[in-house]
Amino acid sequence: MQFKPVPEPPVELSVLATIQRALPATAGDVDDCCRLLLEETALETRDEAATWLTFLRALELATEEPAGFRRRDTGSESALDSDRLRRAFRARVYGADAAIGVLERADGPLTADEVAEAIRSERQRSGARERRPTRSAETQRERVERLLEWAVLLDLAERNGERDEDRYRIALARE
């Protein structure tokens, strides 16, 4: 199963751990997980909290049960830096693998616009049919940019250039 919501990437990966820790350890301990995230973290809107809940599910850091959401035990403090998190991002976040794949095949760094266009072209060549009307190019570019920024945070990609001229490439080496 893949998940589409992708929150704005934080400046530091530690924010991900903070938001995950704010979730209850047991489903049903809290009536409203969105409200809890708003109270316990720097998130500001219910929509933002809902996006984060879904994204945490995609990264296998949270689970939704009939009684509600709960954080998943990751087994270690360094789980946020693990290959498991990177694999979950690529496999379970819609479009992440496609964006990273474009970087892997590129001869050099690419802008978010170039990555979005490459993904669009690949889908057209493969004959993939859109379930919904095509999103605007700007909306697609913004989503691809968020995916690329998450890839940078997860050490799957590297960014270089000024903010308006960001270019991305596949990460050359991981610690």
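The values are calculated or read from the model by the stated rules, or taken from the named source; none is laboratory data. Remember, predicted model here, so these are calculated numbers, not experimental data. As a convention, Cβ positions derive from the backbone with ideal geometry for all residues, glycine included, and neighbour counts pool all protein chains shown.
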In the range 1-36, how many residues are within 20 Å of residue 150 (Cα to Cα) and not in a loop (DSSP other than H, G, I, E, B)? 9
Do you know which of the residues in the range 87-124 that are in a loop (DSSP other than H, G, I, E, B) and in contact with a Lys or Arg (Cβ under 6 Å, 6 or more places away or on another chain) is nearest to residue 9 (Cα to Cα)? 94
Among 114, 122, which is surrounded by 10 or more Cβ atoms within 10 Å (Cβ to Cβ), modelled with pLDDT under 90 and among the charged types (D, E, K, R)? 122
